[in-house]
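Worksheet for the structure shown next.
Nothing in this text is a laboratory measurement; each read-out follows from the coordinates by a stated rule. Computed from a predicted structure; not experimentally measured. Reconstructed Cβ throughout: ideal geometry from the backbone, glycine too, with neighbour counts over all protein chains shown.
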Amino acid sequence: MGTPANLEHSGRRRACRLLAGSMAAALARGLRGAGLGGAGVGGAGLSGAGLWAAARPARAETATGATLWAVGPGLPLRSVAEALRRARDGDTITVAPGTYRGDVAVIHQRRLTIRGLGQRPLMLADGRHAEGKAIWVVRDGDLRIENIAFQGARVPDGNGAAIRFERGRLALRGCLLADHQMGLLTGNDGRAELLVEDCEFRDAPPPGASLPHLLYAGRIARLTVRGSRFSRGFEGHLIKSRAAETVIEHNHIDDGPTGQASYEIDLPNGGLARVAHNRIGQAAGTRNPVMLSFGAEGQAWPRSGLQLLDNQFVNRAGAARGVPVRVWADRLPPGTPVLSRHNRWLGGGTPVLGPQADRQGDDAGPLPAE
């Protein structure tokens, strides 16, 4: 389990570079437009003292008329929760680096961006939660959360999440979610859409009242996961999705040599799923020999189908035990399409794709060196 200090300094360099350029310019524009900017705001650097000194006012108007709320140590607004009490639809909240203990909140705004500046600010649960659900609860709307770290959610019913996403559309970019009973948990609103890009999910705690999944999407319209990392699960799954459409591409979904997760990807109700260009790996001590499971609980959506394209499946559990993919064809409608192209099964194990599978270009190989 990472310490708060480690989590606070473990941001992706790529996300920080992108955010540094865009947010320094945006903050400078907002402060100058409000008559608050001093010399060097745009070029002071996101982690420099000059930026925080210039950003000391709690709010600034942007060129579009929305409000930019600045949160940070030594600023008038010292918590995201306080900024949320003031923010209106269309506003942006920026969060300076630091550890924010017990900064829990319910987000009611219909349109909002919350963006960490520089090294990821850490939202440390510290024994607190919003509504017995999560550190942050997204009620409904079109939300963006970028470059924030979350750690340590615990609630009495065992489903404590970094973020509970109930309805609307949520885009999560460049964030870190570690040591939660349920990393990110959605509701079951059939119109909701969740996008996860360039994030990291890790370090599931020992289970309590429920299994700790790193990412659990309920029966929502669409889940998209791109460019993200999932590792070090414990008994729960790394990714579980009941969404009508699930897209998982260009990710590193690998429990590592010592992880103890169950499935790496669980799609229990089928749906339309595209799993492409990922590295998917299970540990020798896995709690379930299957890496990707499709349709284990039967169909919940009018259409189902699975595309597996150019993935690497790394089986550390051994050829006699590990199963890269299992399609539960007997629990899905007859003729459910399964397309498999150019996947590599490394370390042995035979995929179970069902009688309708269309396979081309798949091959097998030894475990890669680690």
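List of remarks:
- The Cα-based radius of gyration and maximum Cα-Cα distance (Dmax) for the range 92-211 are 13.1, 36 Å.
- Spherically averaged projected area of the range 317-370 from its Cα convex hull (nm²): 4.3 nm²
- Cβ-based exposure ranking for TRP301, TRP328, TRP345, in which fewest neighbours within 10 Å come first: TRP301, TRP328, TRP345
- Over the range 255-370: Rg over Rh, Cα atoms, Kirkwood Rh: 0.96
- With the simple model of a label 7 Å out from the Cα in the direction of the Cβ, ASP89 to ALA369 spans 5.8 nm.
- Neighbour counting of Cβ atoms within 10 Å sorts the residues THR94, THR336, THR258, fewest neighbours leading, into THR258, THR336, THR94.
- The range 272-311-the range 74-145 distance, computed between alpha-carbon centres (Å): 33 Å
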